[in-house]
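Working notes for the structure below.
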Amino acid sequence: MATIVSGLLVPHDPVMFVAPDAPAKEIADKAWAAFDTCAERLAEQDVDTVIIVGNDHYMLFGTTCLPQFCIATGDVDGPLDQLPGLKRQPVPNHEALATHIAAHGHANGFDWAVARSFSTDHSFSIPFQKIVQRAAEIRGKPIQAIPVYLASAVDPFLTMQRAQQLGQQMAAAVEAFDGDERVAVIGSGGISHWVGTKESGRVNETFDHMVLDHCCSLNINAIMALSDEHILEHGGNGAMELRNFVCAMAAVNADSTSLIEYQPVPEWVTGLGFIELKKH
């Protein structure tokens, strides 16, 4: 059977690419280096496939269709929103495993929306290109990647409880897959950040440290207990992406964690946190 062997919680801040020199060099260098460290940790786990849990920015689904959770099972490329240093390119999707996850979900009460052709955005492509592709280079062989998108940017939002259940369902589906793949799961999202509001550029370090502490202590219940109102007030609308963290944490079911880096960067409008989820 396939096995989930590790995971990561990482940001997907597009402003890093648009304005790389905005913060002090020391701060910027630490943030960029964290991506490299994540790639090295992923390479050490000798994974074959990575499931990247991102979120439903309007550029992907518009207002005509807002799925609660969606998995890409066919041809994938991206990002749709090309950024400096982030080139649009094909993505080696593990179509068989992605199709199996969707089918396993449908058989067990999870009505996945399925995309048989899909262009990702930066919430997938930043961790894919900065972590997964780099890990593949370190290993000297390709790593496939599966895009999963949650309703964590545009309301109606997926509930925290459903995000946890979905992560657990993905883990069960991977274990039921007829193969020996080693799988990692990446939860892709910022911590505190306000998107398209007058507070844009604000970073709430107190909120960020609370979230990081809960993640590092594997206290998923404490994250799930945060109300949407609390998150919006203290972490901003961008912090609704914590659902991506909850889903990834539930899927990995880690034994321990390691805080790789945290940098509050108002110039990049986000609190940037990088955490490794370990299984022994």
Quiz item: How about segment 195-215: which of its residues are at pLDDT 95 or above, under 21 Å from MET16 (Cα atoms) and under 18 Å from the mean Cα position of the chain (by Cα)?
Solution: ASP208, LEU212
Exercise. Give segment 242-260 a look and list any residue that's open to solvent by 10 Å² or more (accessible area, probe 1.4 Å) and at negative phi, or say none.
Key: MET249, ALA250, ALA254, ASP255, SER256, THR257, SER258, LEU259, ILE260
Quiz prompt | Sole residue being modelled with pLDDT of 95 or more, open to solvent by less than 10 Å² (accessible area, probe 1.4 Å), within 16 Å of the chain's Cα centre (by Cα) and closer than 21 Å to PHE69 by Cβ, chosen from SER192, SER188 | solution = SER188
Practice problem: Exactly one condition in (1) free of Cβ contacts under 8 Å to residues at least 60 places away in the same chain; (2) within 17 Å of the chain's Cα centre (by Cα) is not met by ILE51; state its number. | Solution: (1)
Quiz item: How about segment 7-54: which of its residues are open to solvent by 30 Å² or more (accessible area, probe 1.4 Å), more than 26 Å from GLU267 (Cβ to Cβ) and part of a loop (DSSP other than H, G, I, E, B)?
Solution: GLN45, ASP46, ASP48
Practice problem: State the number of residues belonging to segment 214-253 that are under 22 Å from GLN168 (Cα atoms), without any contact (Cβ under 8 Å) to a residue 12 or more places away in the chain and part of a helix (DSSP H, G or I). | Solution: 3
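From the list VAL211, VAL203, exactly one residue is within 19 Å of LEU272 (Cα to Cα) and open to solvent by 10 Å² or more (accessible area, probe 1.4 Å). Which is it?
The unique qualifying residue is VAL203.
Return yes when VAL183 is within 23 Å of ALA107 (Cα to Cα), more than 15 Å from the chain's Cα centre (by Cα) and buried (at least 20 other Cβ atoms within 10 Å of the Cβ) and no when it is not.
No; evaluated as a whole, the condition is false for this residue.
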Practice problem: Would you check which residues across segment 154-176 are assigned to a loop (DSSP other than H, G, I, E, B), more than 23 Å from ASN219 (Cα to Cα) and open to solvent by 30 Å² or more (accessible area, probe 1.4 Å) and list them? | Solution: ASP155, PRO156, ALA176
Practice problem: Give me a count of the residues in segment 106-142 that are open to solvent by less than 10 Å² (accessible area, probe 1.4 Å) and out of contact with any strand residue (DSSP E or B) (no Cβ under 6 Å at 6 or more places or on another chain). | Solution: 4
Quiz item: If a residue has to be touching a Ser or Thr at 6+ places or on another chain (Cβ under 8 Å) and among the aliphatic types (A, V, I, L, M) to count, how many in segment 196-210 make the cut?
Solution: 1
Quiz item: Is there any pair with a first residue in segment 72-93 that is at positive phi and a second that is of a type in the set (Lys, Arg) whose Cβ atoms are under 7 Å apart and which are 6 or more apart or on different chains, and what are they?
Solution: GLY78/ARG88
Exercise. Scan segment 55-105 residue by residue and report those that are open to solvent by 40 Å² or more (accessible area, probe 1.4 Å) and closer than 17 Å to LEU150 by Cβ.
Key: TYR58, MET59, CYS65, LEU66, GLN68
Quiz prompt | Enumerated strands (runs of 3 or more DSSP E) restricted to segment 66-144, each holding at least 3 residues that are more than 22 Å from ALA43 (Cβ to Cβ) and at pLDDT 95 or above | solution = 69-78, 113-119
Quiz item: Does LEU218 qualify as being at positive phi, at pLDDT 95 or above and in contact with a strand residue (DSSP E or B) (Cβ under 8 Å, 6 or more places away or on another chain)?
Solution: yes
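The values are calculated or read from the model by the stated rules, or taken from the named source; none is laboratory data. A quick note: this is a predicted structure, and the numbers were derived from the prediction, not measured. Neighbour counts run over all protein chains shown; Cβ positions are idealised from the backbone, glycine included. Accessible surface areas use protein heavy atoms only, side chains included; no ligands, DNA or RNA. Shrake-Rupley method; radii C 1.70, N 1.55, O 1.52, S 1.80 Å.
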